[in-house]
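Laboratory data are not the source of any read-out in this text; all were calculated from the coordinates shown. What you see is a predicted model, and the numbers here were worked out from it, not measured in a lab. Here the Cβ positions follow ideal geometry from the backbone for every residue, glycine too, while neighbour counts run over all protein chains shown.
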Amino acid sequence: MVEDLTKSFGERVAYKDVSFEVGYGEVFGFLGPNGAGKTTTVRTLSTLIKPTSGQATIAGITLGSDSDLLIRERIAIMPESPGLYSRLTVSENLECFAGLYELKDVKNRIDKVLKSVNLADRKNDLCGSLSKGLRQRVALARALLSDPEILFLDEPTSGLDPVATRDVHDLLMALRERGVTIFLTTHRLEEAEKLCHRVAILNTTLKLIGSPAELREQLFSRNLEIKTGSQIIEPERIFTDISGIQSWEQSVSGSYIVNVSDPDVVAPWIVRALVGAGIDVLAIGETRHSLEDVYLELINEDVEAKQR
Amino acid sequence: MNFSPTRIKAILRNELRDYRRNRFIVYTMSLLPLIFIAAPIAQLFTLNVAIIGSKFNNRIGVSLLDMLILPAIIPSILAAYSVIGEREQGTLEPILTTPIRAEEFLIAKALAVFIPTIVVSYFIFGIFLGAVAVFAHPIVAATIFERNHILTQLVFTPLISGWSIWTGIAISTYISDVRAAQQLTVLASLPPLVIVILMNFNIIAPSLSLALGLAVVLFLIDTMAWRFVTTLFNRERLITGKH
Ligand SMILES: Nc1ncnc2c1ncn2[C@@H]1O[C@H](COP(=O)(O)OP(=O)(O)O)[C@@H](O)[C@H]1O
Ligand SMILES: [Mg+2]
């Protein structure tokens, strides 16, 4: 749980008045463009840097110098760059961290996490010789080693090619199934949409929080696109008569875009009205907003605000 | 405060493995001692036993001093690397989110420098003594093998390296350029050498009790340096690299 958290570096504000709550077993996404303050937030919550003001409770423990150690015992972080010792092998890297968490039965644990990220056969490879995607998977294995109560992942797929990205996504989906609590940052919408139960959109301040579907609904009502056989003569009269239509416009291609509250209810009425007016309905369908629209809308508002 | 030997061991082993596979460090650690053993041995072999008194003692003093430069210099190379190297590889961030305490982290880092330094320094000093015993003029050998001289070397080697290690680590947590940190550390590690110079040149009478007294003082300074560096240790600065 985070309350009014703010961090500035001197004059520069990294993020401001950020408040949210993440539930047990939830995958929570922090979505924002570069420089939005995602990494700084992760570092604050993982006790690396101190907030300028505000409070946070992590794994049930209040953030503050006395309790930082207790928090660290319960969390693990996968930073933006994997941060592996390149001259050491995969298992040597993990061994070191097993020691830092004072884990028992180290060999078995290492074998287990490596298997869970499909790296069992690369155990004795030097980390420096691995591809970026594999290194990211080693870093994930390392973060899983101590069975953390909260897993912080800072842009887990940034800089990966599509195949490596999909591999990491599959691994994260598996963790989500297992009920691991994950705090994940990303600047990629489809990633947040695919992996997270809930998403917060951050651009220095928190813009919106909700499930991907909620975010879409919150910002936009839904649209129906209607293709007709001929021009509607008096569209005004037809559309304003139907309740549930908020606005309408004609697109360049000649079809009508109608803004509605509930397409399932309104669509049949529209069809009936048009047919009654002697107009052929060739097609009617919902045009979906992707989260991208939501996102860009929010970010753009900000850009405009800054230009003012 | 309960220290975790497991955590200290984890960092220490990690560090020693990393050094062993770092070509720059392996080369430096094997070439540097060669220079510092060649010079004093050459000096002693060319030493004319006919010259007497203080001059003779001075020459012996210089040779022995050379042996103590090693424990001052090796740490400045390794220690400067130890924090900055981590920062460059990005390993500091995950390490510092584990339950390790600053004290544990620093003592592990220091030990990782201390162990190779002592092994190399004592080893080189052994070779030096061997060479002196076999090849040097008996009068030279007899002077070198005086109890005080040998004791000075054995006691001051770890103490001087301790000083260098802590200044090196302190400097490298502040400066993010390895080269600059190394050079600064070399400079900063010289002061304790001055004491040894004074003793080796008989300016301070090198009595056993004086040597032990100084050793105790240096030991205290080393321990305080550990405490002091711990208070300097600041996760935020290390991670964000800002001062
Ligand atoms: N150590 C620092 N000193 C000063 N400003 C910083 C520092 N780290 C980050 N910032 C600033 O804080 C803002 C947020 O950065 P960051 O958290 O890295 O964003 P993100 O991870 O979302 O890309 C940026 O404007 C960045 O320039
Ligand atoms: Mg970032």
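Details
- Put in order of Cβ neighbour count within 10 Å, fewest first, the listed residues A:Cys96, A:Cys196 become A:Cys196, A:Cys96.
- 19 Å reach of a label modelled at A:Glu177, 7 Å along Cα-to-Cβ, counting backbone N of segment A:144-162: A:144
- Taken residue by residue and averaged, Cβ atoms of other chains lying within 10 Å of the Cβ of A:99-106 number 5.
- For segment B:1-42 versus segment B:92-157, the spacing of their alpha-carbon centroids is 11 Å.
- Computed E for A:Thr57/A:Asn34 - FRET, C-beta separation, R0 35 angstrom, nearest 0.05: 0.80
- Segment A:18-58 versus segment A:125-200: alpha-carbon centroid distance in Å: 17
- Calculated from backbone phi, Karplus (6.51, -1.76, 1.60) coupling profile of segment A:164-171 in Hz, x at Gly/Pro: 4, 4, 5, 4, 5, 4, 4, 4
- Spacing of the two label points (7 Å from each Cα toward its C-beta) at B:Leu16 and A:Leu208, in nm: 5.7
- The angle between the Cα long axis of helix A:106-116 and the longest principal axis of the Cα atoms of chain A comes to about 20 degrees, rounded to the nearest 10.
- Magnitude of the charge dipole for the protein assembly as shown, about its Cα centre and with charges confined to Cβ atoms of Lys, Arg (+1) and Asp, Glu (-1), is about 2760 debye.
- Fluctuation leader among A:Val22, A:Val163, A:Val90 - chain A, Gaussian network, Cα springs under 10 angstrom: A:Val163
- Residue with peak Gaussian network fluctuation, chain A [Cα springs, cutoff 10 Å], from A:Pro51, A:Pro235, A:Pro82: A:Pro235
- Among beta bridges that DSSP assigns inside chain A, antiparallel share in %, nearest 5: 65
- Considering only B:Gln183, B:Gln89, B:Gln153, the Gaussian network model of chain B with Cα springs below 10 Å gives its largest mean-square fluctuation to B:Gln89.
- Shown in residue order for segment A:123-128 are the 3J(HN,Hα) couplings computed by the Karplus curve 6.51 cos²θ - 1.76 cosθ + 1.60 at θ = phi - 60°: 2, 9, 7, 5, 4, x Hz (x for Gly and Pro).
- Virtual spin-label span in nm between A:Lys194 and A:Asp17, 7 Å along Cα→Cβ: 3.5
- Share, in percent, of DSSP beta bridges within the protein assembly as shown that are antiparallel, nearest 5: 65
- Oblate is the label for segment A:32-108. Its Cα gyration tensor axes, ordered a ≥ b ≥ c, give a/c of at least 1.5 and b/c at or above a/b.
- Distant-in-sequence amide H partners of A:Val27 (H built 1.01 Å from N, under 5 Å): A:Ile182, A:His197, A:Arg198
- Rounded FRET efficiency, nearest 0.05, which uses the C-beta distance separating B:Ala39 from A:Asp161 and R0 of 56 Å: 0.55
- For the segment B:5-15, counting C-beta atoms of other chains within 10 Å of every residue's C-beta and taking the mean gives 4.
- Cross-linked pairs A:Lys50/A:Lys132; A:Lys16/A:Lys50; A:Lys194/A:Lys227; A:Lys38/A:Lys207; A:Lys50/A:Lys194: Cα-Cα separations exceed 21 Å for A:Lys50/A:Lys132; A:Lys194/A:Lys227; A:Lys50/A:Lys194.
- Most positive-pole-ward Cα, A:Gly99, A:Val275, A:Leu145, against dipole of the protein assembly as shown from beta carbon charges: A:Gly99
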